[in-house]
Amino acid sequence: MIDFLILLLFLPVVGALLILFLPEHRQPWIRPIALATAASTLAYTVFLATQMDFTNPAVQLVAEYQWNERLGTYFSFGVDGLSYPLVALTNLLTLVAIAVSTQIKERIKAYYMLLLLLEAATMGVFITQGWALFYVFWELVLIPLFFLIDRWGGINRQRAALNFVLYTMGGSVFMLLGLLMLFDANPEHRFLFASIKRASAVIPAETQTLIFLGLMIGLGVKMPLFPLHGWLPLAHVEAPSPVSILLSGILLKMGAYGMIRSAEMLPAAAINLQDFMMALGMIGMLYGGLLAWRQSDLKKMIAYSSVSHMGVVMIGIAALNTNGLMGAAYQMVAHGLVAGALFMLIGLLYERTHTRDINDYGSLLRATPRFAVLVVLALVGGVGLPGTAGFIGELHALIGGFERWGWLVAALSLGMLITATYSLRTVKQLYTGPVNLGMRQVEDLHPLELAAGGVLVGGTLLLGLYPLPLLHLLHSSVQAIAAPFGG
Amino acid sequence: MVDWLHLGLLLIPTLPLIAGLWIGLGMIFKWNRGEKGERETAYIAVGSASLVLLSLLVLVIYSGMQGSLGTVVISRWLESGNVQASVNLLFDPLSLTLASVFSLIILLTLRFSVNYLHREASFQRFFLIMCLFHAAMLLIVLGGNLMVTFVGWELAGISSYLLISYSWQREYASTSATRAFVTNRVGDAGFLLAIFMALIYWGNSDWEALLVQSQAESSLVTNSIVLGLILAACVKSAQFPFSAWISHALEGPTPSSGVFYGSVMVHAGVYLLLRLSPMLEQMPIISWLLAAVGLATVIYAWFLAQMQTDIKSSLIFSTLMQIGIMVIEIAAGWTSLALVHLILHAIWRIYQFLLSPSFLQQTSSPAPAAPAWFQQSVWLHNACLQRFWLDRLADTFLVRPTRLLAHEAQLFDQQVVDRLTGTPSHVNMLSTLAQMQALQTGSLQLNSQVGIGSGMFGKLLQRLAEMMEWFEERLVLKSSSDGLAGLATVLGQRAELIEAYLRQPRYMLVLIAATLVVVL
């Protein structure tokens, strides 16, 4: 039997190795190789969809090898309806990030290598079926990211990179403690998801809650949950734009994905902490939205809006029912596309104008009509206007939350209102008002950039206008996760 | 097979609509602009009108041989609760006769206009609106229920508006158009009331059903439906006291004035009354009221006709007088007479209107002066000059109060609502060129509007956001930039100190000794 997923994991690594061993005089080949690798990985992922049966909630394409008998660790991979869209999103966004990396001119060999390694590590997080390997990939993601921010970032890049790593490592300590406790509490003494799911009936609720809290701190840093988001604005602002796409597009989803998996493993704890999680989601949503509204730095604004959107995801998770979890999963994909598109477009704009302050812009519509269409659509997608993917996600989260808490979730619409406020403000500042003489010569999008942005924005619209395929894809897995909580 | 027939019947009122659409598309995509496009435009407009007339004549012959088609249901439109609405067309002798006469008049006028409007800048626009108007009249006359008729009714109102303001560059034309349209909306309110009552109480607004229902029960419902429709008819046909608008409405090209206000649209109200006449027979009080309205119109129009010095105005007031007589005839129950009167009047009047531009060449004598007794009565003379103050009265009692109310509402909006909700900031909108130049030379600075709310809710939001920003700065970002990294630095310094101590042998010895003590 072929191990489809291990091959998937190795594809970007092979690309990275190719780049590594490329002779010095073959510099111009690096970018095409990276692009080809990312494209073929994406194509392979699409091919994998034909090998799967999405009506079956079970983990599929399983590849399992024993790693360490004594510790109960396995190389275990598999995908289900929840992780497949995230893997696809990872590959898509990596391809886009590589496509718009034209401005990176120095040390490109290391840059593209690190991007491909980052892709592999992120995919590893989504397809692994055991906590041990999950933790390994989780930490592995840090290494390329640290260097990507630290070497190619903005002025404060060193501080940002250090901060990012310290925060994540600090959170990881708690996650590790939680995992050790879990290992101890599991009578089978294994890290495998399936094994822990079996054991969850035996583990007492108090222990589960403690373990869950530990995991939540570790995962919450990435997600980010409200008081643990200190690394995010700095890292997003300082990272080079392609890396920002990956940071907010996929990295944040790792946290939310882990959170759904933990809730699945430790149902008693999830029910205990349900209201707490909901409160954190609510606070994150409103807090992030209000801070986004206060930012005049465009990148910072999008960074805080990510906090706000992940708050919606958290509310969906906390609802612990089919609709809520569906909303969370859909919103993850939607936000991946929207945030990716926004960071990409704003990054490209910054390359042309060298300012991120919104007050410096005005009436760009004349100079850059193609930019304007994409930016407006992406912002509107962030608001969750009907017809965009965000609407489907927020609607499901809203319905799920309503089933659980009733009218309390009305605050969710308040969050959407705040999102609309800063999004429309941004449109107004960028594209209307007096013409800024210095910005009349700003170049519009090049064909490749237009294609990359068009794919992301088009994806948002497609998933918003025709949501059924993704809903079907997610449905059986989400239903299986929600079943123990009473649907 | 039946569907094809229905489609063909539907094509009768929609063919002019399609022709108008085609001309409109040509104007947008510029294939029929200017003098070159006149030929095509004329062919399309005249062609569609001829086709409609031909098919109507075929239908007339068919009905004469096979009996009336009656109401034809083209398609179901909506069903909600017990309310049913469908697209119906009614082909009975009354509607077929009027549709044929009106189509003939419109066709001849269109043909006349081809030459009359030659090299006119807005040639295409005129024919586009005339096509719309033709469709509107066909829908009014052939509409099988109140709703289809209402669609035509409104389309006629709009095309009337568009043709009065044909030369929109003149202020008088555009204000007159607005006046005509707004006055017509009063009648529309009556029409809508009738539709509403019919749908709510009878669930159906077909003409045939209305007549049956009204026979069954004579009640408030029937009365309000009839009154609503009479109001609509009186406004459309400019009966007293809604007569003022029509005298201002002659601003369009003469052929269109003739068709709209001389011979076709002005008779739409009479058509409506003819449809209602079986119901009117049951309602003596309303019939007397209608007769009074007709009489008032006749008197009003007769007096004013004495005073007019231009040909179009004289014609319009004598038109009004004739229509007032028709209304009296209908109120008295002489419907056949009214129908014949209508047809003859329509044909005669359009002839007069189309002739009026060359009138001066055909007459040698000046218009006769007003009769002597008329000239002596100063008051009457004055009243007629002022057209019985109808405009003035409408202004005083309707326009001014509305304007005052609007003013108050705007004040409330500015003083209360805007302050509560805040208005969108105009700061990045420069209002003058001078400001623009000042901005470009750098002498004008725009304040950042980021994170500044306006209005009560906006300020609340701002205050909240400021508090959160403070929290974020102090506790989250600062502790992370100085804090975590800072803590690591401090700890590192401490560790270095300990390391330095440990490097000295005596402390190492002390440590070993202490360990031994503990172990032992």
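The values are calculated or read from the model by the stated rules, or taken from the named source; none is laboratory data. Remember, predicted model here, so these are calculated numbers, not experimental data. Glycine gets a Cβ as well: all are built from the backbone with ideal geometry, and neighbour counts include every protein chain shown.
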Only one of these conditions is not met by B:Leu15: (1) within 24 Å of the chain's Cα centre (by Cα); (2) surrounded by fewer than 19 Cβ atoms within 10 Å (Cβ to Cβ). Which number is it? (2)
So A:Leu364, is it out of contact with any helix residue (DSSP H, G or I) (no Cβ under 6 Å at 6 or more places or on another chain) and crowded, with 20+ Cβ neighbours inside 10 Å: no
Filter pass, A:Val46 being out of contact with any Ser or Thr (no Cβ under 6 Å at 6 or more places or on another chain), loosely packed, with under 13 Cβ neighbours inside 10 Å and under 16 Å from A:Val87 (Cβ atoms): yes
Scan the stretch A:452-469 for residues that are out of contact with any helix residue (DSSP H, G or I) (no Cβ under 6 Å at 6 or more places or on another chain) and surrounded by 15 or more Cβ atoms within 10 Å (Cβ to Cβ) and report the count. 5
Counting only residues that are over 23 Å from the mean Cα position of the chain (by Cα) and either in a helix (DSSP H, G or I) or at pLDDT below 90 (or both), the stretch A:5-35 contains a total of 17
What number goes with the only condition from (1) crowded, with 24+ Cβ neighbours inside 10 Å; (2) within 11 Å of chain B (Cβ to nearest Cβ); (3) in contact with a Lys or Arg (Cβ under 7 Å, 6 or more places away or on another chain) that A:Leu291 does not pass? (3)
In the stretch B:421-447, the residues that are modelled with pLDDT of 70 or more and at the interface with chain A (Cβ under 9 Å from one of its Cβ atoms): B:Gln435, B:Met436, B:Leu439, B:Gln440
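A quick yes/no check of all residues on (1) surrounded by 24 or more Cβ atoms within 10 Å (Cβ to Cβ); (2) outside any helix (DSSP H, G or I); (3) in contact with a Pro (Cβ under 6 Å, 6 or more places away or on another chain); (4) within 14 Å of chain B (Cβ to nearest Cβ):
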position	(1), (2), (3), (4)
A:Phe147	no, no, no, no
A:Ser172	no, no, no, yes
A:Gly178	no, no, no, no
A:Glu188	no, yes, no, no
Show the residue pairs that are 6+ apart or on different chains and have beta-carbon atoms under 8 Å apart, the first residue being within the stretch A:22-41 and outside the structural domain of A:Leu93 (by TED's automatic domain parsing) and among the charged types (D, E, K, R), the second being outside any helix (DSSP H, G or I) and surrounded by fewer than 15 Cβ atoms within 10 Å (Cβ to Cβ). none
For B:Ser86: the one exception among (1) in contact with a Cys (Cβ under 6 Å, 6 or more places away or on another chain); (2) without any contact (Cβ under 8 Å) to a residue 60 or more places away in the chain: (1)
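In the stretch B:149-204, how many residues are of a type in the set (D, E, K, R) and touching a residue at least 60 places away in the same chain (Cβ under 8 Å)?
The first filter runs over the stretch B:149-204 and keeps only residues of a type in the set (D, E, K, R), leaving B:154, B:170-171, B:179, B:185, B:188.
Within this subset, residues satisfying the condition of being touching a residue at least 60 places away in the same chain (Cβ under 8 Å) are B:170, B:179.
Result for the stretch B:149-204: 2.
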Could you say whether any residue in the stretch B:354-362 is modelled with pLDDT of 80 or more, surrounded by 12 or more Cβ atoms within 10 Å (Cβ to Cβ) and touching a Gly at 6+ places or on another chain (Cβ under 9 Å)? yes
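Only one residue in B:Leu227, B:Leu193 is at pLDDT 90 or above and either more than 22 Å from the chain's Cα centre (by Cα) or not in a helix (DSSP H, G or I) (or both). Which one? Outline the logic, then answer.
Values: B:Leu193 fails: either more than 22 Å from the chain's Cα centre (by Cα) or not in a helix (DSSP H, G or I) (or both).
On inspection, the qualifying residue turns out to be B:Leu227.
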Verdict on A:Leu424 being part of a helix (DSSP H, G or I), of a type in the set (A, V, I, L, M, F, W, C) and more than 14 Å from chain B (Cβ to nearest Cβ): no
Hits in the stretch B:315-359 - residues which are under 17 Å from B:Pro255 (Cα atoms) and without any contact (Cβ under 8 Å) to a residue 24 or more places away in the chain: B:Trp348, B:Tyr351, B:Leu355, B:Ser358
Residue count, the stretch A:190-214, condition assigned to a helix (DSSP H, G or I) and either touching a strand residue (DSSP E or B) at 6+ places or on another chain (Cβ under 6 Å) or within 24 Å of A:Gln60 (Cα to Cα) (or both), comes to 7
Among the residues listed as A:Leu61, A:Leu114, the single one being crowded, with 20+ Cβ neighbours inside 10 Å and assigned to a strand (DSSP E or B): A:Leu61
If you check A:Val59 against the conditions, is it in the same structural domain as A:Arg261 (by TED's automatic domain parsing), in contact with a strand residue (DSSP E or B) (Cβ under 8 Å, 6 or more places away or on another chain) and of a type in the set (Val, Ile, Thr)? yes
Among the residues listed as A:Leu234, A:Leu182, the single one being within 14 Å of chain B (Cβ to nearest Cβ) and surrounded by 24 or more Cβ atoms within 10 Å (Cβ to Cβ): A:Leu234
Is one or more of the residues making up the stretch A:232-245 assigned by TED's automatic domain parsing to the domain that holds A:Leu95, of a type outside the set (Lys, Arg), in contact with a His (Cβ under 6 Å, 6 or more places away or on another chain) and under 16 Å from A:Pro144 (Cα atoms)? yes
